[in-house]
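The values are calculated or read from the model by the stated rules, or taken from the named source; none is laboratory data. For clarity, every value in this text was computed on a predicted model and none was experimentally measured. No Cβ is skipped: glycine too gets one built from the backbone with ideal geometry, and neighbour counts run over all protein chains shown. Surface areas here come from the heavy atoms of the whole protein model, side chains and all, with no ligands, DNA or RNA. Shrake-Rupley method; radii C 1.70, N 1.55, O 1.52, S 1.80 Å.
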Amino acid sequence: MQQYFHSVTLDSDKCKGCINCIKHCPTEAIRVRQSKAHIIKERCIDCGECIRICPHNAKKAVTDSLSDIEKYKYKVAIPAPTLYGQFETVDDINVVLNALKAIGFDAVFEVARAAEIVTLATKDLILQNRISFPIISTACPAVVRLIRVRFPGLIDNLLPLLSPMEVAAKIMRKTSIEKTGLKPEEIGIFFISPCAAKMTDSKEPLGTSKSEVDGVIAIKDIYIPLTKAINKLDKDNLESLASAGRHGVGWALNGGEASALTDDEYISVNGINNVISVLEELDENKFRNIKFAELGACTGGCVGGPLTVENGFVADTRIKSLMRKLSKYTMESNMPDIRLEDVLWTSKPEYFSIMKLDDDMEKAMQKMQQMDEIFERLPQLDCGSCGSPSCKALAEDIVRGKGNEMDCVFNLRKRVQSLAKEMINLDENMINFKYEE
Amino acid sequence: MSDIVKTLHYDVDPKDFDSVGEASGKTKNVLRQLGFPPEVLRRVAIAMYEGEINMVIHANGGTADVEISPKQIKITLKDNGPGIPDIEKAMQKGYSTASEEARSLGFGAGMGLFNMDTYADELNITTKIGVGTTVEMIIRT
């Protein structure tokens, strides 16, 4: 039995059992039962939509804390480029990187630089004809997980390269060992993340058997200590730590990966619902001239991540302004010691058929028949009051043995009315009986 | 003979280009819930989508019926359009009689019947000029 780790979890005490999350979950992975939300683990892709929508802050992402870095002798921060756009006063990426060292990290390496390596590797794969079009980006772990459970026909189109986070961690594991002489396990590599799905990706990576990332710290959890450190920094004596150019930093934004790769024949799509509709169309072969599809679960790209502090659109403007300062730069210069083969996936994600009604197709067909019949008896208003996101989902839950037709408030009302009528009839009959006596 | 267990019926509306693909999309979701393998889903979705487009572009819409059994999926697309004068020609890759309007929307690449033939295991076309066309596709699992 496959174990599922999830970053997105429920704080049961805070949950009021309202239906906001079930109506917004793009994979219909949440049900409300007994006045509490429940996440169906196999279906959750850790996109973080429920974290954003929950009015009671009952949905949270499990991540590591800054104090967890103390478990390691040598502490390495690998920040996502999204981090750079969080601070109003920062006009130099080096300020953020120096501040990371000021709060306790021994070394810093930009995930943005690793992103450039992924871009170069993608170009190599295309040149060597080792990949078929349209290529689907694998930078967003929520999207890769979505494809694995819902669009198996597109698994072969996934870009078979490690994510920039993983590439950065791999580079830093190697260089840190060389530099310090420490054992691999004495070095702690921490991703500074805008994203809940990255936490899951570090625990249960796709495309590789084990992640090199030891911990994931949410941007919102590191924001206050980092802001304090930035304010205290001596800005005239900064260590030169930045190595990424504008292409890599641009990965934080919608379209960043695609525009670093090619000028045209690409689409960049953001927001999980837009991504789903585009995947449906890709699956049906509808885009004939698209070579590369960059798909990001969050609105605006990673800057819109659920674990960020700053408004995504404001952060977008700031990052664009930082990028302009980096314009004179080529990705190929000063390449770290890493080969294409080092960043290739070693395994392909397997299809998880979570949608099917039964392992036995004949039984699945019977269940579907029952489901259709139940659906016809439901009001088809998709109100969500039963705790399932739609009438169709309730019908499906019932045939899966996880719901009841009387969970529907409308059906329940009808039933109560008919029971009441029966009681009245019964009462009248009793009166007649007495009368005859 | 395999028993037909599940049937689907859709009306393909000619007035709304946006809704093209609804029938094939919904069929794909049903097949997914029934547990058909990815490659079958893809073949059905592509072949059926091409058929849907053809009905909208050339025939003022029509109906789509799907019969699903564990062994095969049979798709019947029926229209009351102008009919196909030369099937052999229409089957050729790149041949199209689509209007300028359809072409401006990105259709009319002449891949429709060719793709249907490629993705379906069996393709039968019955057509009569001025009366209509029935396309029957069988995809075996």
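Looking at segment A:31-51 only, could you name the residues that are part of a strand (DSSP E or B), open to solvent by 40 Å² or more (accessible area, probe 1.4 Å) and of a type in the set (D, E, K, R)?
Result: A:Arg33, A:Lys36.
A:Lys402 versus (1) open to solvent by 80 Å² or more (accessible area, probe 1.4 Å); (2) touching a helix residue (DSSP H, G or I) at 6+ places or on another chain (Cβ under 7 Å): which is the lone unmet condition?
It fails just one condition, (2).
Could you please find all residues in segment A:1-38 being of a type in the set (Val, Ile, Thr) and within 15 Å of the chain's Cα centre (by Cα)?
Once the filter is applied, which keeps residues that are of a type in the set (Val, Ile, Thr) and within 15 Å of the chain's Cα centre (by Cα), segment A:1-38 yields A:Val8, A:Thr9, A:Thr27.
Looking at segment A:58-75, is at least one residue open to solvent by less than 60 Å² (accessible area, probe 1.4 Å), in contact with a Pro (Cβ under 8 Å, 6 or more places away or on another chain) and assigned to a strand (DSSP E or B)?
Yes.
Collect the residues in segment A:332-365 that are within 14 Å of another protein chain (Cβ to nearest Cβ), assigned to a loop (DSSP other than H, G, I, E, B) and either among the basic types (Lys, Arg) or in contact with a Pro (Cβ under 6 Å, 6 or more places away or on another chain) (or both), keeping them in residue-number order.
Hits for segment A:332-365 are A:Lys348, A:Tyr351, A:Lys356.
Return yes when A:Asp316 is more than 14 Å from every other protein chain (Cβ to nearest Cβ) and acidic (Asp, Glu) and no when it is not.
Considered against the rule, which asks whether it is more than 14 Å from every other protein chain (Cβ to nearest Cβ) and acidic (Asp, Glu), A:Asp316 comes out as yes.
Collect the residues in segment A:122-148 that are assigned to a helix (DSSP H, G or I) and under 23 Å from A:Glu204 (Cα atoms), keeping them in residue-number order.
A:Pro141, A:Ala142, A:Val143, A:Val144, A:Arg145, A:Leu146, A:Ile147, A:Arg148
When residues of segment A:5-30 are filtered for being part of a strand (DSSP E or B) and surrounded by fewer than 23 Cβ atoms within 10 Å (Cβ to Cβ), how many remain?
Adding up the residues that qualify gives 2.
Which of (1) over 30 Å from A:Asn94 (Cα atoms); (2) of a type outside the set (Asp, Glu); (3) touching a residue at least 24 places away in the same chain (Cβ under 8 Å) does A:Leu161 not meet, given it meets every other one?
The failed condition is (1).
Between A:Leu381, A:Leu419, which is among the aliphatic types (A, V, I, L, M), open to solvent by 90 Å² or more (accessible area, probe 1.4 Å) and not assigned by TED's automatic domain parsing to the domain that holds A:Ala29?
Among A:Leu381, A:Leu419, only A:Leu381 is among the aliphatic types (A, V, I, L, M), open to solvent by 90 Å² or more (accessible area, probe 1.4 Å) and not assigned by TED's automatic domain parsing to the domain that holds A:Ala29.
Do the conditions hold for A:Ile126, that is, is it open to solvent by 30 Å² or more (accessible area, probe 1.4 Å) and at pLDDT below 95?
Taking the combined requirement at face value, the residue satisfies it.
Taking into account only those residues within segment A:272-320 that are farther than 30 Å from B:Ser19 by Cβ and among the aliphatic types (A, V, I, L, M), which is surrounded by the most Cβ atoms within 10 Å (Cβ to Cβ)?
In this case the residue turns out to be A:Val303.
How many residues are among the hydroxyl-bearing types (Ser, Thr, Tyr) and either assigned to a loop (DSSP other than H, G, I, E, B) or not assigned by TED's automatic domain parsing to the domain that holds A:Glu332 (or both) when one looks only at segment A:211-253?
3
How many of the residues in segment A:252-264 are open to solvent by 30 Å² or more (accessible area, probe 1.4 Å) and out of contact with any Phe, Trp or Tyr (no Cβ under 7 Å at 6 or more places or on another chain)?
Of the residues in that region, 4 qualify.
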